[in-house]
1. Just checking, which of I179, I170 is in contact (Cβ under 8 Å) with a residue 24 or more places away in the chain, in a helix (DSSP H, G or I) and not acidic (D, E)?
2. Which ranges mark the strands (runs of 3 or more DSSP E) fully within the range 1-119 that have 1 or more residues being hydrophobic (A, V, I, L, M, F, W, C) and over 21 Å from the mean Cα position of the chain (by Cα)?
3. Quick check on my filter: what residues within the range 111-145 are at pLDDT 95 or above and of a type in the set (D, E, K, R)?
4. Just need a number here: residues in the range 146-163 that are more than 20 Å from V134 (Cβ to Cβ) and at pLDDT 90 or above.
5. Which pairs do you get when a residue that is more than 20 Å from T152 (Cα to Cα), found in the range 51-70, comes within reach of a residue that is buried (at least 17 other Cβ atoms within 10 Å of the Cβ) and among the polar types (S, T, N, Q), reach meaning Cβ atoms under 8 angstrom, with the pair 6+ apart or on two chains?
6. Being assigned by TED's automatic domain parsing to the domain that holds W81 and within 15 Å of the chain's Cα centre (by Cα): is that true of S124 here?
7. Just to be sure, is F23 surrounded by 16 or more Cβ atoms within 10 Å (Cβ to Cβ) and farther than 20 Å from A182 by Cβ?
8. What are the residues in the range 120-150 that are over 13 Å from L102 (Cβ atoms), outside any strand (DSSP E or B) and in contact with a Leu (Cβ under 7 Å, 6 or more places away or on another chain), if any?
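The values are calculated or read from the model by the stated rules, or taken from the named source; none is laboratory data. The structure presented is a predicted model; accordingly, all values stated were derived computationally and were not measured. Here the Cβ positions follow ideal geometry from the backbone for every residue, glycine too, while neighbour counts run over all protein chains shown.
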Amino acid sequence: MAYKKSEMAYKNPWTTLSSEVKFETPWIKVVKHDVLNPAGKPGLYGVVNFHNLAIGILPLDEEYNTWLVGQWRYPLNAYHWEIPEGGGPIGTDPLESARRELKEETGIEAGEWLPLCQLSLSNSATDEVAHVFVARNLSFGESHPEESEDLTVRKLPFTEAYEMVNNGVITDAISVAAILKAKILIDNGQL
């Protein structure tokens with residue numbers, strides 16, 4: 001049986017007794033919650049609230065080439081290859097943010113946009129949601145990364161990006177989900 005998100009309604013077993021903001025930046029807010037857990041026992045729950053939506057874009061040209069972005073990820077202290085990604089203010093159309101991020105990071109603009117998936121990222125500790133798109137009918141210009149981004153842009157066949165996921169080279173959750181879902185759609189002739 002196929003389930004739809006709207007068909008599944010469940011009662012929240014958690015009770016929030018009080019909440020306190022412990023830390024805030026322009027990107028995140030960390031909140032400590034005093035709670036009663038599902039067993040009715042007191043506890044603490046820390047939640048990271050994001051001020052932006054996460055945005056991911058998988059650009060694909062007519063020959064099924066794609067573009068990855070390489071950058072140093074400070075929290076992991078490591079270099080990562082990813083699809084073009086960024087943030088978009090909550091309340092702004094995610095597609096508008098996707099257009100901006102793709103142009104900013106790669107210089108690419110797209111004539112066709114297809115929603116690929118929506119993801120809950122690390123939902124045990126954050127409220128971060130990602131909107132991921134496929135960009136088609138591409139045109140190329142200059143990129144304009146933010147000052148906090150030192151990016152390497154790489155064009156490669158989509159099949160190579162898929163192998164990078166399978167071999168553990170690409171580990172970013174948005175990129176992995178986007179590439180795996182796109183592979184299914186491509187193999188089924190839907191993309």
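1. Going through I179, I170 in turn, the sole match is I179.
2. 15-24, 28-36, 42-50
3. Answer for the range 111-145, where residues must be at pLDDT 95 or above and of a type in the set (D, E, K, R): E112, D127, E128, R136.
4. The qualifying residues number 1.
5. L53/S97
6. Spelling it out, it is not the case that S124 is assigned by TED's automatic domain parsing to the domain that holds W81 and within 15 Å of the chain's Cα centre (by Cα).
7. Considered against the rule, which asks whether it is surrounded by 16 or more Cβ atoms within 10 Å (Cβ to Cβ) and farther than 20 Å from A182 by Cβ, F23 comes out as no.
8. E128, the sole residue that qualifies.
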